[in-house]
Amino acid sequence: MTIRELCEKEVVQLEQGVCLGRADDLAFDPATARLQSLILLGRPRLFGLLGGEENLTIPWQEIETIGTDAVLVHTQLPSAAPSKPGLWQSLRARLGL
């Protein structure tokens, strides 16, 4: 299997069956050239102008199976940051609607 083929597979968290996306990068051990982890980049906010979400690193020990279509992992889901109310919700609250 090539690195390109590995990065084209969907990464699925087994406990809840959540699709985490695809691996964007890989981390290797420089001494042994062994694969250490998969890295899934966080989604950009406002086309990347406001930064992005936190990257998700999945250590090799948490990878259960690399199948033909997906990579199954036993990793914890990233905790969702509490969202701030949007502009319209703030305006409605101020106006008492």
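Couple of notes before you dig in:
- Scanning region 12-40 for residues that are charged (D, E, K, R) and either outside any strand (DSSP E or B) or more than 10 Å from the chain's Cα centre (by Cα) (or both) yields Glu15, Asp24, Asp25, Asp29, Arg34.
Yes or no, residue by residue, for (1) surrounded by 10 or more Cβ atoms within 10 Å (Cβ to Cβ); (2) in a loop (DSSP other than H, G, I, E, B); (3) at pLDDT below 90:
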| site | (1), (2), (3) |
| --- | --- |
| Leu49 | no, yes, yes |
| Glu54 | yes, yes, yes |
| Val71 | yes, no, no |
| Thr75 | yes, yes, yes |
| Pro82 | no, yes, yes |
| Trp88 | no, no, yes |
| Arg92 | yes, no, yes |
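- Scanning region 1-21 for residues that are exposed (fewer than 10 other Cβ atoms within 10 Å of the Cβ) and either closer than 16 Å to Val73 by Cβ or hydrophobic (A, V, I, L, M, F, W, C) (or both) turns up Met1, Gln16, Gly17.
The values are calculated or read from the model by the stated rules, or taken from the named source; none is laboratory data. These numbers were taken from a predicted model, which means no experiment stands behind them. As a convention, Cβ positions derive from the backbone with ideal geometry for all residues, glycine included, and neighbour counts pool all protein chains shown.
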